[in-house]
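Trainee: First the structure, then my questions, so here it is.
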Amino acid sequence: GSGPAINGGLYIMENTTFTNLFTPFDRSGASTKYQPLRESARGRLRALPLPSPRTEDWRFTSVAPLEQTPFELPAATPPIDANLLPALPTPETLRLVFVNGRFAKSLSVLAKIPSGVQIGSLADPEAGTLSLTQVADYQDNVFTALNTSFLHDGAFVAVPSGTIVEQPIEIIYVTQPTVKPLVTNPRTLLLVGDHAQATVVERYLSIGEGTYFTNAVTEIVLAEHATVDHVKVQQESLQAYHVANTQIVQAAKSTFTTHYLALGGSLVRNEVRVRFDGEHAESTVNGLYLAHGKQHLDNFTVIDHAKPNCASHELYKGILDDQSHGVFNGKIFVRKDAQKTDAKQTNKVLLLSDSATINTKPQLEIFADDVKCTHGATIGQLDATQLFYLQSRGIGLDAARRLLTFAFANDIVGRIKIEAIRQELETRIV
């Protein structure tokens, strides 16, 4: 169904699985206010090549399974038992739930929204959408163009200037697989005003096992002095495909922290792009990916130091077992006038079997001369000396392996500030 090879990729032409879904999607009652955006993105989608092994940023990840699977749009939103969802992280948590791509008001918890804060569905006619596509540009990213081509629903959060949202805001995208493989395009827009603060948890879950494709885009905008603490947990079916683009733009003196946990999926590609648009901003980008069987987990990050006097800290850790495959491709750009940049990037990987593999590529591109930048990667197995020490203290080999593996992973999980989320993930890792 794809066109001729060009620029190291394949064009998405009119007769592909995805473009064939445009007409039924438009007839499904999708919000008309997004139709101009959808049409623009579809035009761009048809012109963009799919990534191939010759595409540098996708060298180690093949999208062939996405081309070969006959995905369909979800039918009516299935009823979901609320007891199947995770417990609220705190009693005061605000929760938005989307089932197979559609807002599920009955499962959401929105009773105590602070004054002035807007939280709801992008399908709501009154949802503010002026910033959509201003951060996550679909001109050069084929999967963002695909997401925008089906833009209809998703999470919208706007925190006005000076407002501190004390309770966490949790956004859950649930997929209930069917006999036929489904495709959903979750969209999240988070706007945080001057001197405002928010904590946001973004979850991707499945009810049961099955093949489906989650193609997610998240846009986060921080105004001056804004603070955002963000956690993304991907716990999807082990038969699922997950491609996500999270893009963040920070104004002066803003602070952004994100922790990404990849625990599910057959083929996963998670992209995080941070751009500093003002001085004295700070960003922390952390990730933990756990894979077994034949899972493929790809992590791609870009930290764009476009302004001087900004700091970024990045730590990604991977634990790979069986025949799983991990990828880390991290880029730090320091532009010509971005003096006094302080950037650190680290990737550490623990291989639990001889068949597990990792491709890691930390990168620095520096065009300023007064900066402090470091990057590095370490790959290894459990330390034999540490194992011997624990065994000499009466701890069995399996228990010793679990202890050391947990300690390695908990370096990331332990940094999550929401206690219930942290404990839940610690239990899962154990």
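Trainee: Whole number in Å², please: accessible area per residue of the chain, 1.4 Å probe, ligands, DNA and RNA not counted. If you can, show how the numbers build up before the last one.
Mentor: On the way: 17830 Å² over 430 residues.
Value returned for the chain: 41 Å² of accessible area per residue.
Trainee: How long are the three semi-axes of the equivalent ellipsoid of the chain, in whole Å, if each is the root of 5 times an eigenvalue of the C-alpha gyration tensor, listed from largest down?
Mentor: Taking √(5λ) for each eigenvalue gives 31, 26, 25 Å, largest first.
Trainee: Another question about this same structure. Of the options Ile358, Ala145, Leu190, report the single residue whose Cα projects farthest towards the positive end of the charge dipole of the chain (beta-carbon charges: Lys, Arg +1; Asp, Glu -1).
Mentor: Most positive-ward Cα: Ile358.
Trainee: In region 234-291, how does Rg compare with the Kirkwood Rh, expressed as the Rg/Rh ratio over alpha carbon atoms?
Mentor: My calculation puts Rg/Rh at 1.10.
Trainee: Quick one: which residues, 5+ away or cross-chain, put their amide H under 5 Å from the amide H of Ala377? H built at 1.01 Å from N.
Mentor: Sorted by chain and number, the residues that satisfy this are Asn347.
Trainee: Considering only Gln323, Gln139, Gln68, give the residue with the highest GNM mean-square fluctuation for the chain, with springs between Cα atoms whenever their separation is below 10 Å.
Mentor: Evaluated over the chain, the most mobile residue of the options is Gln68.
Trainee: Out of every Cα-Cα pair in region 366-420, what percent are more than 18 Å apart?
Mentor: Numbers: 840 of 1485 pairs.
The share of Cα pairs beyond 18 Å in region 366-420 comes to 57 percent.
Trainee: For Ser40, put the label point 7 Å out on the Cα→Cβ axis and report which residues of region 98-130 keep their amide N under 15 Å from it.
Mentor: The answer is 129-130, whose backbone nitrogens lie closer than 15 Å to the label point.
Trainee: I've got another one for you. Modelled label-to-label distance, Arg415 and Glu92, 7 Å Cα→beta-carbon offset: nm?
Mentor: 2.6 nm
Trainee: Express in % the proportion of alpha carbon pairs of region 131-228 at distances exceeding 21 Å.
Mentor: 42 percent
Trainee: While we're on this one: Can you compute the modelled spin-label distance between Ala64 and Leu404, with each label point 7 Å from Cα toward Cβ, in nm?
Mentor: Here the answer is 3.6 nm between the modelled labels.
Trainee: Can you tell me the FRET efficiency between Lys105 and Lys340 if r is taken as the Cβ-Cβ distance and R0 is 56 Å, rounded to the nearest 0.05?
Mentor: 0.70
Trainee: Using just the helices of the chain, give the 222 nm mean residue ellipticity in deg cm²/dmol: DSSP H runs with n ≥ 4 each add -39,500 (n - 2.57), and the total is spread over all residues, rounded to 500.
Mentor: Estimated from H runs of four or more residues: -4500 deg cm²/dmol.
Trainee: What are the lysines whose alpha-carbon lies under 18 Å from the alpha-carbon of Lys232, with same-chain residues fewer than 8 places away excluded?
Mentor: Of all the lysines, those that pass the test against Lys232 - Cα under 18 Å, at least 8 places apart if same chain - are Lys317, Lys417.
Trainee: Could you tell me which residue out of Val371, Tyr316, Gln345 lies farthest along the dipole of region 303-382 toward its positive end? Charges go on the beta carbon: Lys and Arg +1, Asp and Glu -1, centred on the Cα centre.
Mentor: Val371
Trainee: Counting each pair of different Cα atoms once, what's the Kirkwood radius of region 303-430 in Å, rounded to one decimal?
Mentor: After inverting the mean inverse Cα-Cα distance, the result is 16.8 Å.
Trainee: In addition: Which order do Ile366, Ile248 take when ranked by solvent-accessible area (1.4 Å probe, heavy atoms of all protein chains), largest first?
Mentor: Ile366, Ile248
Trainee: OK, next. Give me the percent of accessible area attributable to carbon and sulfur for the chain, probe 1.4 angstrom.
Mentor: Answer for the chain: carbon and sulfur cover 50 percent of the accessible area.
The values are calculated or read from the model by the stated rules, or taken from the named source; none is laboratory data. All values derive from a computational prediction rather than experimental measurement. Every residue, glycine as well, gets a Cβ built from its backbone with ideal geometry; the counts of neighbours run over all protein chains shown. SASA here: full protein model, heavy atoms, side chains in, ligands and nucleic acids out. Shrake-Rupley method; radii C 1.70, N 1.55, O 1.52, S 1.80 Å.
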